[in-house]
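Q: This structure is in structure tokens; I'll ask about it shortly.
The values are calculated or read from the model by the stated rules, or taken from the named source; none is laboratory data. Everything numeric here is computed off the predicted structure, so don't read it as measured data. Cβ: placed from backbone, ideal geometry, glycine included. Neighbour counts: every protein chain shown. These accessible areas exclude ligands, DNA and RNA; they are computed on the full protein's heavy atoms, side chains included. Shrake-Rupley method; radii C 1.70, N 1.55, O 1.52, S 1.80 Å.
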Amino acid sequence: MDYQEFLDSVDREAYHEGEWRWREGEYTVTRTNHWSPPGCHNGCGVLLYVDQEGRLARIEGDPLSPFNNGKLCMRCLDMVEAVNHPDRLKYPLRRAGKRGENRWERITWDEAYDEIVERVNTVKRDFGSHTILFVHGTGRNIGWQLPLFASTALETPNVCNFGFTGFACYLPRMIGASAKMGEMTIADVSETHEMRYADPSFRRPDVIMVWGNEPLKANADGFLGHWIVECMQMGTQIISIDPRLTWLGAKAAYWLQVRPGTDGALGIAMLNTVINEDMVDHKFIDSWCYGYQQLVESVQGKDADWAAEICGVPADDIRGAARLYATAESASIQWGLAFEQQLSALGVTAAACDLMGVTGNIDNPGGNLLIKCAFDIEKRYGLGDFKIPRENYAGKLTLSAGIESSDIVACASSDALLHAVETGEPFMPQIIWLQSANPLSCSGMDAPRMYEAMNKIPYCVVADPYMTPTAVAHADIVLPVAMSCERNSVRTWWTPARSISKCASYYEAKSDEQIILDLGRRLKPENWPWKDDKELATWYLTDQYAEGGTRYEGDFEELQERGGYKYDPWDAEYYKYQKGMCRPDGQPGFDTATGRFEFWSWGYNHWGVDPMPYHIEPKDSPVSTSEKLAEYPFIATSGGRSYEFFHSEHRQLETMREFHPWPLVTIHPEAAAEYGIEDGDWVWIETTHGRCRQKAFLFPGIKKDTIHMEHAWWFPEQEAAEPSLYGTFDSNINNMALNFETGQGGIGSGIKSFLAKIYPYVEGDQMPGEKVTREGGWGDYLPGVMAGDKESAERQAAEGNSALLAQIEAARRAKEMKVEDADMQGRNALIYAKEHADGLQDA
Ligand SMILES: Nc1nc2c(c(=O)[nH]1)N[C@H]1C(S)=C(S)[C@@H](COP(=O)(O)OP(=O)(O)OC[C@H]3O[C@@H](n4cnc5c(=O)[nH]c(N)nc54)[C@H](O)[C@@H]3O)O[C@H]1N2
Ligand SMILES: Nc1nc2c(c(=O)[nH]1)N[C@H]1C(S)=C(S)[C@@H](COP(=O)(O)OP(=O)(O)OC[C@H]3O[C@@H](n4cnc5c(=O)[nH]c(N)nc54)[C@H](O)[C@@H]3O)O[C@H]1N2
Ligand SMILES: [Mo]
């Protein structure tokens with residue numbers, strides 16, 4: 001691949017370089033970025049064609065955008081269908097029947113606002129604003145807006161992804177990396193340079209280790225998977241660590257087919273090989289690191305043979321992959337969600353960071369970069385609480401009225417809030433506000449339990465572009481949300497900073513920005529000074545609250561006019577730690593307690609987490625619960641993404657369903673044959689905790705003892721009213737997932753590994769929707785503790801639930817900290833460690 005050749009080949013004039021809006025025949029064309037709805041983790045450059053009726057008629061990738069170079073995924077290419085789909089919510093709705101009956105009356109926005117304001121103010125007065133639970137989902141373009149609204153208009157500290165136990169997405173990698181090296185890290189595939197692969201300072205990685213991540217389907221966390229393919233065309237080799245064979249795995253130098261949930265052991269063994277075969281970067285370690293000797297000691301005895309047993313990967317492959325990674329001139333690790341959907345979440349993160357550290361692949365061209373969101377607009381990955389005025393932020397640490405969260409993560413603990421709903425202790429939540437979340441279908445672990453819990457909360461608001469199973473089951477008011485092409489907004493997730501420009505509209509749908517502005521003004525005018533969405537966007541870019549603001553110079557209009565993006569030179573610089581660019585005091589080094597890259601981590605230690613890489617055997621596995629194997633012989637993992645869907649979204653779109661009509665469970669052909677299952681058969685997947693139904697997909701690229709299930713299915717074409725709820729429980733693997741099961745520090749969840757059996761579905765079998773909505777599900781929940789088999793639940797109740805206790809203990813420590821220090825997650829602990837740690841002198 002010759003990128004310069006590509007750049008030279010683009011007819012810039014034909015693509016209206018320098019313009020952001022122009023006429024083309026009967027269309028008005030807008031150069032902008034797509035950033036939800038529909039959901040995605042990325043903001044790709046697009047050209048939107050709007051017809052004379054103001055309707056989105058066509059979409060094209062923008063070849064002048066260095067981010068995606070004109071490429072778009074199939075979901076973006078299908079945007080016209082998503083935006084104009086007749087199922088979209090057109091007007092605000094008020095529930096007219098009972099919850100779950102799917103009967104609604106159309107109301108005006110003013111009626112909706114009046115009802116909400118009256119309800120919120122009554123709850124604030126009678127119960128306290130902390131009894132409002134605010135729920136939002138993954139990093140769509142809501143991350144900064146919604147926490148701001150929740151904390152400064154609703155005035156609740158209780159913002160979380162309800163039901164998503166153990167903060168089991170991305171946050172563990174964020175905070176783990178921040179503890180180890182002071183910043184988040186991402187694989188360098190030139191994405192920080194406006195000139196991309198042609199930038200003279202860039203060097204493509206010799207090796208990319210793709211670990212627990214499927215970048216081509218997920219494009220997760222601000223990273224476009226196709227960038228890896230471009231590097232491969234320039235010679236990059238791949239190491240794939242995945243229980244399934246993926247497209248990248250099929251082209252990899254090494255494919256380590258790891259047993260789900262055992263990556264901690266694999267990482268430790270790779271460290272053992274690299275260290276004991278002396279493939280480390282002594283210069284980097286001696287000059288810039290802390291705690292290397294402890295790392296050397298901690299991995300002794302845990303070699304590739306040890307890990308081979310645990311992980312089910314040949315020892316020679318573990319050694320070979322470690323050697324390939326460590327001896328490359330530059331190599332990077334591209335990690336994914338599997339890291340935190342196992343109990344060792346922070347331990348695996350530590351192991352991966354240490355591999356980068358021992359080989360000196362930190363902030364070097366083609367290694368792992370120290371990265372911030374462009375211009376410091378976001379201190380974190382778009383959760384935006386940094387933007388929240390401090391007097392409101394303080395509440396986040398203590399979570400008023402006794403429900404505590406850990407100081408590791410700034411959002412509220414969903415387990416703690418579930419405990420509150422189930423027990424009424426220490427308070428009974430009065431309102432649940434769901435904006436960009438559909439917990440019954442996707443984000444709620446133990447979906448039947450979430451169903452029961454949400455029905456206990458007296459009032460429920462849902463704001464979404466589509467009617468969802470969760471809205472039908474629980475909502476009292478439903479607000480129609482505008483799509484990406486119908487909003488003015490700005491966003492960063494790493495670099496560049498991007499703008500989103502409004503160019504169409506749909507019935508009465510309003511953007512998230514408009515909804516929170518309208519309601520913010522009505523609920524708390526003194527906190528909501530912005531005239532309109534553009535002013536709000538400018539505030540975000542330049543940040544009126546932070547001391548000195550951000551480093552962004554300009555405003556929404558300027559960003560829009562310059563083509564919708566701006567790269568931050570800080571991110572594009574290599575070896576920032578050598579140049580005094582990382583620490584607030586301007587000294588060289590890392591922004592950690594010791595100023596160094598920490599193999600022995602003060603942050604981890606402060607959190608009460610093992611400061612060295614660790615492995616925890618999954619709680620339900622052939623090793624932990626071997627007695628169950630006779631009845632539940634499969635290790636079930638889940639969640640691998642598909643091109644067609646973003647979580648529970650896109651199920652309405654005929655085009656997507658044509659490609660991917662049904663939920664698929666991947667089974668090895670020989671295993672399927674043993675159970676009389678053929679490709680395309682409906683199959684029950686069952687654990688001791690529940691069951692769901694998916695269609696068999698026979699595939700030899702998975703081991704015979706492992707199955708992989710898809711998440712977030714519902715069927716908009718099926719009956720909305722209960723018991724069906726669009727069939728959302730019928731195929732939901734979260735019927736089997738557990739709350740209250742987390743790893744050290746209350747972080748990580750076990751959902752990538754549990755034991756299951758499979759058997760054919762027979763016509764007439766009872767469907768889970770019926771079981772859950774009519775018979776109370778399978779749960780035998782002891783409020784506030786992990787369900788599962790009754791015996792273990794009772795034991796846990798007697799012992800006091802360990803995950804909850806860990807969070808409460810961490811919160812107790814957090815309370816001792818000074819509020820003014822607590823300006824971001826992860827850092828909290830580091831600041832604390834800086835002040836309190838003994839023995840820093842030897843650093
Ligand atoms: N199209 C699409 N894109 C998405 C999403 C979506 O729903 N659809 N969701 C977004 C979100 S919020 C996230 S967090 C990301 C997630 O995206 P990724 O980070 O890619 O994570 P997963 O899709 O869970 O799984 C990646 C790989 O992990 C493998 N795997 C399963 N168990 C294990 C294990 O125990 N160890 C290892 N090493 N590998 C394992 C799976 O086989 C899969 O190939 O994607 C984002 N992007
Ligand atoms: N078993 C299993 N369960 C999983 C996972 C897994 O791998 N396995 N993945 C988990 C992960 S990593 C995550 S992050 C969670 C994700 O969970 P969520 O991010 O909560 O995703 P959804 O539940 O699909 O809900 C998103 C809703 O937001 C709406 N929406 C989309 N864009 C916007 C917007 O801009 N504004 C508003 N107001 N609404 C919008 C959509 O229409 C949809 O109804 O799910 C988790 N669930
Ligand atoms: Mo996620």
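Conditions (1) of a type in the set (D, E, K, R); (2) farther than 26 Å from Gly45 by Cα, marked per residue:
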residue	(1), (2)
Ser484	no, no
Tyr507	no, no
Lys524	yes, yes
Pro529	no, yes
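Q: Ok, one more. State the number of residues belonging to region 124-150 that are open to solvent by 10 Å² or more (accessible area, probe 1.4 Å) and either away from ligand 3 (no atom under 16 Å from the Cβ) or among the β-branched types (Val, Ile, Thr) (or both).
A: Going through region 124-150 one residue at a time, the tally reaches 8.
Q: Please specify each residue of region 569-593 satisfying the condition of being surrounded by fewer than 23 Cβ atoms within 10 Å (Cβ to Cβ), in contact with a Cys (Cβ under 9 Å, 6 or more places away or on another chain), assigned to a loop (DSSP other than H, G, I, E, B) and on the phi < 0 side of the Ramachandran plot.
A: The answer is Pro588, Asp591.
Q: Right, something else. Just name the residue that is nearest to ligand 2 (Cβ to nearest atom) out of those in region 34-71 that are without any contact (Cβ under 8 Å) to a residue 40 or more places away in the chain and in contact with a Ser or Thr (Cβ under 9 Å, 6 or more places away or on another chain).
A: Of everything passing the filter in region 34-71, Val46 is nearest to ligand 2 (Cβ to nearest atom).
Q: Continuing with the same structure: Need the failing condition index for Val762 against (1) in a loop (DSSP other than H, G, I, E, B); (2) among the hydrophobic types (A, V, I, L, M, F, W, C); (3) open to solvent by less than 30 Å² (accessible area, probe 1.4 Å), just the number.
A: (3) is the only condition that Val762 fails.
Q: Say whether the condition of being touching a Leu at 6+ places or on another chain (Cβ under 9 Å), away from ligand 2 (no atom under 16 Å from the Cβ), modelled with pLDDT of 90 or more and within 30 Å of Leu517 (Cβ to Cβ) is met by at least one residue in region 131-146.
A: yes
Q: Next up: Run Ala673 past the list (1) open to solvent by less than 50 Å² (accessible area, probe 1.4 Å); (2) over 16 Å from Pro260 (Cβ atoms); (3) out of contact with any helix residue (DSSP H, G or I) (no Cβ under 6 Å at 6 or more places or on another chain); (4) not in a loop (DSSP other than H, G, I, E, B) and report the number of the one that doesn't hold.
A: Looking at each condition in turn, Ala673 falls short on (1).
Q: Is there a residue in region 261-276 that is within 16 Å of ligand 2 (Cβ to nearest atom), assigned to a loop (DSSP other than H, G, I, E, B) and either assigned by TED's automatic domain parsing to the domain that holds Arg323 or open to solvent by 60 Å² or more (accessible area, probe 1.4 Å) (or both)?
A: Yes - at least one qualifying residue is present in region 261-276.
Q: As an exercise: evaluate Ala473 against (1) part of a helix (DSSP H, G or I); (2) at pLDDT below 95 and give the number of the one condition it does not meet.
A: Going through the list (1) part of a helix (DSSP H, G or I); (2) at pLDDT below 95, Ala473 breaks only (2).
Q: Related question: Does region 620-649 hold any residues that are within 16 Å of ligand 3 (Cβ to nearest atom) and open to solvent by less than 50 Å² (accessible area, probe 1.4 Å), and which are they? Give the steps one after another, and end with the answer.
A: Of all residues in region 620-649, those within 16 Å of ligand 3 (Cβ to nearest atom) come to 637-642, 645-649.
Thr637, Ser638, Gly639, Gly640, Ser642, Phe645, Phe646, His647, Ser648, Glu649, listed by residue number.
Conditions (1) open to solvent by less than 20 Å² (accessible area, probe 1.4 Å); (2) closer than 30 Å to His660 by Cα; (3) among the aromatic types (Phe, Trp, Tyr), marked per residue:
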{"residue": "Val46", "(1), (2), (3)": "yes, yes, no"}
{"residue": "Tyr49", "(1), (2), (3)": "yes, yes, yes"}
{"residue": "Arg55", "(1), (2), (3)": "no, yes, no"}
{"residue": "Met74", "(1), (2), (3)": "no, yes, no"}
{"residue": "Asn84", "(1), (2), (3)": "no, yes, no"}
{"residue": "Asp87", "(1), (2), (3)": "no, yes, no"}
{"residue": "Arg95", "(1), (2), (3)": "no, no, no"}
{"residue": "Lys98", "(1), (2), (3)": "no, no, no"}
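Q: Another question about this same structure. For residues that are open to solvent by 10 Å² or more (accessible area, probe 1.4 Å) and not in a strand (DSSP E or B), scanning just region 455-470, find the one that is nearest to ligand 2 (Cβ to nearest atom).
A: Pro465
Q: Now a separate question. What pairs come out if I take residues in region 706-725 that are within 18 Å of Ser436 (Cα to Cα) and pair them with residues that are part of a strand (DSSP E or B) and of a type outside the set (Lys, Arg) whose C-beta lies under 6 Å away, six or more apart or interchain?
A: His711/Ser638
Q: Any idea which residue in region 681-690 is nearest to Asn735 (Cα to Cα), counting only those that are in contact with a strand residue (DSSP E or B) (Cβ under 6 Å, 6 or more places away or on another chain) and surrounded by fewer than 22 Cβ atoms within 10 Å (Cβ to Cβ)?
A: Among those residues, the one meeting the criterion is Glu686.
Q: Another question about this same structure. Which ones in region 314-343 are over 21 Å from Ser190 (Cα atoms) and within 11 Å of ligand 1 (Cβ to nearest atom)?
A: Leu337, Ala338, Phe339, Glu340, Gln341, Gln342, Leu343
Q: Could you list, ordered by first residue, the pairs with Cβ atoms under 8 Å in which the first is in region 219-232 and in the same structural domain as Leu248 (by TED's automatic domain parsing) and free of Cβ contacts under 8 Å to residues at least 12 places away in the same chain and the second is within 16 Å of ligand 2 (Cβ to nearest atom) and open to solvent by 10 Å² or more (accessible area, probe 1.4 Å), at least 6 apart or interchain?
A: Gly225/Glu214; Gly225/Lys217; Gly225/Ala218; Gly225/Asn219
Q: Of the residues that make up region 615-636, is at least one in contact with a helix residue (DSSP H, G or I) (Cβ under 8 Å, 6 or more places away or on another chain), in a loop (DSSP other than H, G, I, E, B) and basic (Lys, Arg)?
A: no
Q: Let me ask you something else. For region 317-338, give me the residue count where each residue is within 16 Å of ligand 3 (Cβ to nearest atom) and open to solvent by 40 Å² or more (accessible area, probe 1.4 Å).
A: Adding up the residues that qualify gives 0.
Q: Further question on the same structure: In region 479-517, which residues are under 22 Å from Thr468 (Cβ atoms) and part of a helix (DSSP H, G or I)?
A: Ser484, Cys485, Glu486, Asp512, Glu513, Gln514, Ile515, Ile516
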